[in-house]
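Novice: Dumping the structure here so I can ask a few things about it.
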Amino acid sequence: MNVTREAAVIKVDGREVQRLPDVLVLERRVAVCLGERLILSTVCSPGDLTELAYGHLLSEGWIRSAGDVAGVSVDADSGRVRFDVHGVDSRMRAAAEPGPIDFTSSISQVLASVRAVEAGGMVFRSTGGTHVAGLVCDGAADAVAEDISRTGALEKAFGKALLAGVDFRRSILVLTSRVPRSFIEKAARVGIPIVAAVSAPTYEAVEEAERCGICLCGFARGDRLNVYSRPARVGLP
(Lines give C-alpha, C1' and ligand atoms only; values in the text may rest on other atoms or scores of the structure.)
Protein backbone atom coordinates (compact mmCIF):
# COMPACT_ATOMS: atom_id res chain seq x y z
CA MET A 1 0.00 0.00 0.00
CA ASN A 2 1.28 3.47 -0.90
CA VAL A 3 2.04 5.65 2.10
CA THR A 4 3.24 8.68 0.10
CA ARG A 5 2.07 10.76 -2.84
CA GLU A 6 3.79 13.29 -5.07
CA ALA A 7 2.74 16.94 -4.90
CA ALA A 8 3.96 20.20 -6.41
CA VAL A 9 5.87 22.55 -4.12
CA ILE A 10 7.38 25.99 -4.53
CA LYS A 11 10.81 26.05 -2.92
CA VAL A 12 12.27 29.39 -1.89
CA ASP A 13 16.00 29.62 -1.15
CA GLY A 14 17.04 33.21 -0.73
CA ARG A 15 16.07 34.88 -4.00
CA GLU A 16 15.85 31.60 -5.89
CA VAL A 17 12.31 30.30 -6.43
CA GLN A 18 11.66 26.88 -7.97
CA ARG A 19 8.52 24.85 -8.61
CA LEU A 20 9.44 21.20 -8.06
CA PRO A 21 7.78 17.85 -7.30
CA ASP A 22 7.90 16.74 -3.68
CA VAL A 23 6.92 13.56 -1.83
CA LEU A 24 4.43 13.86 1.04
CA VAL A 25 3.12 11.29 3.50
CA LEU A 26 -0.52 10.23 3.43
CA GLU A 27 -2.84 10.04 6.42
CA ARG A 28 -6.06 8.17 7.08
CA ARG A 29 -8.54 7.64 9.92
CA VAL A 30 -8.57 4.19 11.48
CA ALA A 31 -10.99 2.55 13.91
CA VAL A 32 -10.14 -0.50 16.03
CA CYS A 33 -13.03 -2.47 17.54
CA LEU A 34 -12.99 -5.17 20.19
CA GLY A 35 -16.06 -7.09 19.14
CA GLU A 36 -18.60 -4.35 18.58
CA ARG A 37 -16.90 -1.99 21.03
CA LEU A 38 -14.89 0.89 19.55
CA ILE A 39 -11.66 1.16 21.53
CA LEU A 40 -9.53 3.32 19.22
CA SER A 41 -10.20 6.00 16.65
CA THR A 42 -7.08 7.68 15.36
CA VAL A 43 -5.27 9.12 12.36
CA CYS A 44 -2.21 7.28 11.10
CA SER A 45 -0.33 6.31 7.96
CA PRO A 46 -2.00 3.81 5.60
CA GLY A 47 -0.91 0.20 5.82
CA ASP A 48 -0.07 -2.26 8.62
CA LEU A 49 -3.55 -1.83 10.12
CA THR A 50 -3.60 -5.34 11.54
CA GLU A 51 -0.23 -4.77 13.19
CA LEU A 52 -1.43 -1.44 14.57
CA ALA A 53 -4.48 -3.10 16.09
CA TYR A 54 -2.53 -5.98 17.61
CA GLY A 55 0.01 -3.55 19.03
CA HIS A 56 -2.68 -1.33 20.50
CA LEU A 57 -4.55 -4.21 22.14
CA LEU A 58 -1.33 -5.66 23.55
CA SER A 59 0.20 -2.43 24.82
CA GLU A 60 -3.06 -1.24 26.36
CA GLY A 61 -3.60 -4.52 28.19
CA TRP A 62 -6.64 -5.79 26.28
CA ILE A 63 -4.77 -8.96 25.25
CA ARG A 64 -1.68 -10.72 26.58
CA SER A 65 -0.68 -12.72 23.50
CA ALA A 66 -1.59 -13.21 19.86
CA GLY A 67 -3.34 -16.42 20.94
CA ASP A 68 -5.97 -14.37 22.77
CA VAL A 69 -7.34 -13.25 19.40
CA ALA A 70 -9.96 -15.59 17.94
CA GLY A 71 -10.48 -13.66 14.73
CA VAL A 72 -9.57 -10.48 12.88
CA SER A 73 -11.38 -8.69 10.08
CA VAL A 74 -9.91 -5.71 8.26
CA ASP A 75 -11.83 -3.33 6.00
CA ALA A 76 -8.97 -1.61 4.20
CA ASP A 77 -11.31 0.82 2.45
CA SER A 78 -12.87 2.19 5.62
CA GLY A 79 -9.84 1.65 7.85
CA ARG A 80 -11.87 -0.44 10.31
CA VAL A 81 -10.24 -3.35 12.14
CA ARG A 82 -12.43 -5.69 14.20
CA PHE A 83 -11.05 -8.20 16.71
CA ASP A 84 -12.79 -11.08 18.43
CA VAL A 85 -11.01 -12.32 21.55
CA HIS A 86 -11.32 -15.35 23.78
CA GLY A 87 -9.95 -16.19 27.19
CA VAL A 88 -9.73 -12.49 28.06
CA ASP A 89 -12.19 -10.27 29.89
CA SER A 90 -12.46 -7.50 27.31
CA ARG A 91 -13.84 -5.16 29.96
CA MET A 92 -10.59 -5.25 31.94
CA ARG A 93 -7.15 -4.04 30.98
CA ALA A 94 -3.83 -5.01 32.54
CA ALA A 95 -1.95 -2.40 34.53
CA ALA A 96 1.61 -1.37 33.72
CA GLU A 97 3.79 -3.74 35.73
CA PRO A 98 7.51 -3.64 36.58
CA GLY A 99 9.63 -5.17 33.83
CA PRO A 100 12.04 -8.12 34.06
CA ILE A 101 15.10 -7.72 36.26
CA ASP A 102 17.51 -10.09 34.53
CA PHE A 103 18.12 -8.44 31.13
CA THR A 104 21.15 -6.20 30.72
CA SER A 105 22.88 -4.62 27.74
CA SER A 106 25.57 -1.99 27.17
CA ILE A 107 25.82 1.59 25.98
CA SER A 108 27.41 0.45 22.72
CA GLN A 109 24.59 -2.06 22.08
CA VAL A 110 21.94 0.57 22.79
CA LEU A 111 23.54 3.04 20.37
CA ALA A 112 23.92 0.31 17.73
CA SER A 113 20.22 -0.48 18.17
CA VAL A 114 19.31 3.16 17.60
CA ARG A 115 21.33 3.23 14.39
CA ALA A 116 19.74 -0.02 13.18
CA VAL A 117 16.20 1.27 13.69
CA GLU A 118 16.94 4.68 12.18
CA ALA A 119 18.31 2.91 9.10
CA GLY A 120 14.87 1.37 8.61
CA GLY A 121 13.20 4.78 8.36
CA MET A 122 13.01 4.90 4.58
CA VAL A 123 9.83 6.98 4.42
CA PHE A 124 11.31 9.51 6.83
CA ARG A 125 14.39 9.89 4.66
CA SER A 126 12.26 10.65 1.60
CA THR A 127 9.65 12.85 3.27
CA GLY A 128 10.76 13.91 6.75
CA GLY A 129 7.15 13.27 7.77
CA THR A 130 7.16 10.11 9.90
CA HIS A 131 8.21 8.83 13.29
CA VAL A 132 10.12 5.54 13.51
CA ALA A 133 9.87 2.88 16.21
CA GLY A 134 11.50 -0.52 16.38
CA LEU A 135 12.46 -3.43 18.59
CA VAL A 136 15.98 -4.83 18.52
CA CYS A 137 16.43 -8.34 19.93
CA ASP A 138 19.83 -10.05 20.00
CA GLY A 139 21.22 -7.33 17.72
CA ALA A 140 18.55 -7.69 15.03
CA ALA A 141 16.04 -4.95 14.25
CA ASP A 142 13.17 -7.42 13.98
CA ALA A 143 10.20 -5.06 14.03
CA VAL A 144 10.54 -1.54 12.62
CA ALA A 145 7.56 0.66 11.79
CA GLU A 146 6.99 4.20 10.51
CA ASP A 147 3.95 6.36 10.92
CA ILE A 148 2.87 10.00 10.88
CA SER A 149 1.73 9.33 14.47
CA ARG A 150 4.39 8.55 17.05
CA THR A 151 1.87 6.33 18.87
CA GLY A 152 1.00 4.67 15.57
CA ALA A 153 4.66 3.89 14.91
CA LEU A 154 5.06 2.42 18.41
CA GLU A 155 1.95 0.25 18.22
CA LYS A 156 2.70 -0.96 14.69
CA ALA A 157 6.19 -1.98 15.87
CA PHE A 158 4.66 -3.84 18.83
CA GLY A 159 2.18 -5.57 16.54
CA LYS A 160 4.90 -6.64 14.11
CA ALA A 161 7.00 -7.96 17.00
CA LEU A 162 4.08 -9.87 18.51
CA LEU A 163 3.17 -11.56 15.22
CA ALA A 164 6.84 -12.37 14.50
CA GLY A 165 7.35 -13.98 17.92
CA VAL A 166 9.96 -11.46 19.09
CA ASP A 167 10.96 -11.83 22.76
CA PHE A 168 9.93 -8.47 24.22
CA ARG A 169 11.76 -9.19 27.47
CA ARG A 170 15.09 -9.37 25.65
CA SER A 171 14.47 -6.38 23.38
CA ILE A 172 15.53 -2.75 23.22
CA LEU A 173 12.77 -0.40 22.13
CA VAL A 174 14.02 2.47 19.96
CA LEU A 175 11.97 5.62 19.30
CA THR A 176 12.74 8.67 17.19
CA SER A 177 10.08 10.67 19.01
CA ARG A 178 9.72 12.19 22.46
CA VAL A 179 8.85 9.76 25.23
CA PRO A 180 5.73 10.50 27.31
CA ARG A 181 4.68 8.50 30.35
CA SER A 182 2.08 6.59 28.32
CA PHE A 183 4.84 5.07 26.16
CA ILE A 184 6.62 3.74 29.24
CA GLU A 185 3.35 2.27 30.48
CA LYS A 186 2.92 0.52 27.14
CA ALA A 187 6.52 -0.74 27.24
CA ALA A 188 6.02 -2.09 30.76
CA ARG A 189 2.87 -3.99 29.76
CA VAL A 190 4.73 -5.91 27.07
CA GLY A 191 7.87 -6.43 29.19
CA ILE A 192 10.39 -4.12 27.51
CA PRO A 193 13.51 -3.66 29.73
CA ILE A 194 15.28 -0.82 27.85
CA VAL A 195 13.87 2.15 25.94
CA ALA A 196 16.16 4.41 23.90
CA ALA A 197 14.92 7.57 22.23
CA VAL A 198 16.55 10.03 19.85
CA SER A 199 14.61 12.81 21.56
CA ALA A 200 13.71 13.69 25.16
CA PRO A 201 11.56 11.98 27.78
CA THR A 202 9.17 13.77 30.08
CA TYR A 203 9.75 13.90 33.83
CA GLU A 204 6.75 11.62 34.35
CA ALA A 205 8.16 9.13 31.85
CA VAL A 206 11.37 8.93 33.87
CA GLU A 207 9.42 8.40 37.09
CA GLU A 208 7.37 5.62 35.51
CA ALA A 209 10.46 3.97 34.00
CA GLU A 210 12.16 3.88 37.40
CA ARG A 211 9.05 2.40 39.01
CA CYS A 212 8.72 -0.27 36.32
CA GLY A 213 12.38 -1.24 36.25
CA ILE A 214 12.96 0.12 32.74
CA CYS A 215 16.24 1.74 31.70
CA LEU A 216 15.20 4.89 29.86
CA CYS A 217 17.74 6.61 27.59
CA GLY A 218 17.22 9.85 25.72
CA PHE A 219 19.07 12.01 23.19
CA ALA A 220 20.68 8.87 21.75
CA ARG A 221 22.58 10.37 18.86
CA GLY A 222 25.91 9.34 17.40
CA ASP A 223 28.06 8.16 20.31
CA ARG A 224 26.11 10.00 22.99
CA LEU A 225 23.04 9.43 25.11
CA ASN A 226 21.54 10.34 28.49
CA VAL A 227 20.51 7.61 30.93
CA TYR A 228 17.59 8.64 33.12
CA SER A 229 16.66 5.48 35.04
CA ARG A 230 17.96 2.04 35.98
CA PRO A 231 21.52 2.64 34.69
CA ALA A 232 22.67 -0.83 35.81
CA ARG A 233 20.80 -2.30 32.84
CA VAL A 234 23.41 -0.72 30.55
CA GLY A 235 26.43 -1.38 32.76
CA LEU A 236 26.53 1.93 34.63
CA PRO A 237 26.71 2.37 38.41
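Novice: Answer yes or no: is there a residue in segment 10-25 that is outside any strand (DSSP E or B) and either surrounded by fewer than 14 Cβ atoms within 10 Å (Cβ to Cβ) or in contact with a helix residue (DSSP H, G or I) (Cβ under 7 Å, 6 or more places away or on another chain) (or both). Walk me through how you get there before you give the answer.
Specialist: The initial filter retains those residues of segment 10-25 that are outside any strand (DSSP E or B), namely 14-15.
Applying the additional criterion that residues be either surrounded by fewer than 14 Cβ atoms within 10 Å (Cβ to Cβ) or in contact with a helix residue (DSSP H, G or I) (Cβ under 7 Å, 6 or more places away or on another chain) (or both) yields 14-15.
Yes: one or more hits.
Novice: In addition: Anything in segment 166-208 that is touching a strand residue (DSSP E or B) at 6+ places or on another chain (Cβ under 6 Å), closer than 16 Å to Asp138 by Cβ and of a type outside the set (Gly, Ala, Ser)? List them, or say none.
Specialist: Val166, Asp167, Arg170, Ile172, Leu173, Val174, Ile192, Ile194
Novice: Could you check Gln18 against (1) at pLDDT 95 or above; (2) of a type in the set (S, T, N, Q); (3) within 20 Å of the chain's Cα centre (by Cα) and say which number it fails?
Specialist: It is condition (3) that Gln18 fails.
Novice: Among (1) surrounded by fewer than 18 Cβ atoms within 10 Å (Cβ to Cβ); (2) more than 30 Å from Val23 (Cβ to Cβ); (3) at pLDDT 85 or above, where does Phe124 come up short?
Specialist: Of everything listed in (1) surrounded by fewer than 18 Cβ atoms within 10 Å (Cβ to Cβ); (2) more than 30 Å from Val23 (Cβ to Cβ); (3) at pLDDT 85 or above, Phe124 misses just condition (2).
Novice: Return a yes/no flag: does segment 150-162 have any residue that is modelled with pLDDT of 95 or more and not in a helix (DSSP H, G or I). It would help to see each step written out before you state the result.
Specialist: To start, the set of residues in segment 150-162 that are modelled with pLDDT of 95 or more comprises 150-162.
Applying the additional criterion that residues be not in a helix (DSSP H, G or I) yields none.
No: zero hits.
Novice: Still on this structure, I have one more. Restricting attention to segment 185-217, and to residues there that are out of contact with any helix residue (DSSP H, G or I) (no Cβ under 9 Å at 6 or more places or on another chain) and small (Gly, Ala, Ser), which single residue is surrounded by the fewest Cβ atoms within 10 Å (Cβ to Cβ)?
Specialist: Ranking the candidates gives Ala200 first.
Novice: Here's a follow-up. What are the residues in segment 105-162 that are more than 21 Å from Glu6 (Cα to Cα) and among the polar types (S, T, N, Q), if any?
Specialist: If the condition is that a residue be more than 21 Å from Glu6 (Cα to Cα) and among the polar types (S, T, N, Q), then Ser105, Ser106, Ser108, Gln109, Ser113, Thr151 are the ones that fit.
Novice: When the residues of segment 228-237 are narrowed to those that are touching a residue at least 60 places away in the same chain (Cβ under 8 Å) and closer than 16 Å to Ile172 by Cα, which ends up surrounded by the most Cβ atoms within 10 Å (Cβ to Cβ)? Show your work before the answer.
Specialist: Filtering segment 228-237 down to residues touching a residue at least 60 places away in the same chain (Cβ under 8 Å) leaves 232-236.
Those still in the list that are closer than 16 Å to Ile172 by Cα too: 232-235.
Numbers: Ala232: 11, Arg233: 24, Val234: 21, Gly235: 13.
Within segment 228-237, the match that is surrounded by the most Cβ atoms within 10 Å (Cβ to Cβ) is Arg233.
Novice: For segment 88-110, which positions are at pLDDT below 65 and closer than 12 Å to Trp62 by Cβ?
Specialist: To start, the set of residues in segment 88-110 that are at pLDDT below 65 comprises 88-92, 99-100.
Val88, Asp89, Ser90, Arg91, Met92 - these are the residues of segment 88-110 that are at pLDDT below 65 and closer than 12 Å to Trp62 by Cβ.
Novice: I'm trying to understand the selection: among the residues of segment 182-214, which are outside any loop (DSSP other than H, G, I, E, B) and without any contact (Cβ under 8 Å) to a residue 60 or more places away in the chain?
Specialist: Within segment 182-214, Ser182, Phe183, Val195, Ala197, Pro201, Tyr203, Glu204, Ala205, Val206, Glu207, Ala209, Glu210 meet the criteria.
Novice: Still on this structure, I have one more. Taking segment 52-69, which residues are surrounded by 23 or more Cβ atoms within 10 Å (Cβ to Cβ) and part of a helix (DSSP H, G or I)?
Specialist: Those that are surrounded by 23 or more Cβ atoms within 10 Å (Cβ to Cβ) and part of a helix (DSSP H, G or I): Leu52, Ala53, Tyr54, Gly55, His56, Leu57, Leu58, Ser59.
The values are calculated or read from the model by the stated rules, or taken from the named source; none is laboratory data. On a predicted model such as this, the values are computed, not experimentally measured, just so you know. Cβ: placed from backbone, ideal geometry, glycine included. Neighbour counts: every protein chain shown.
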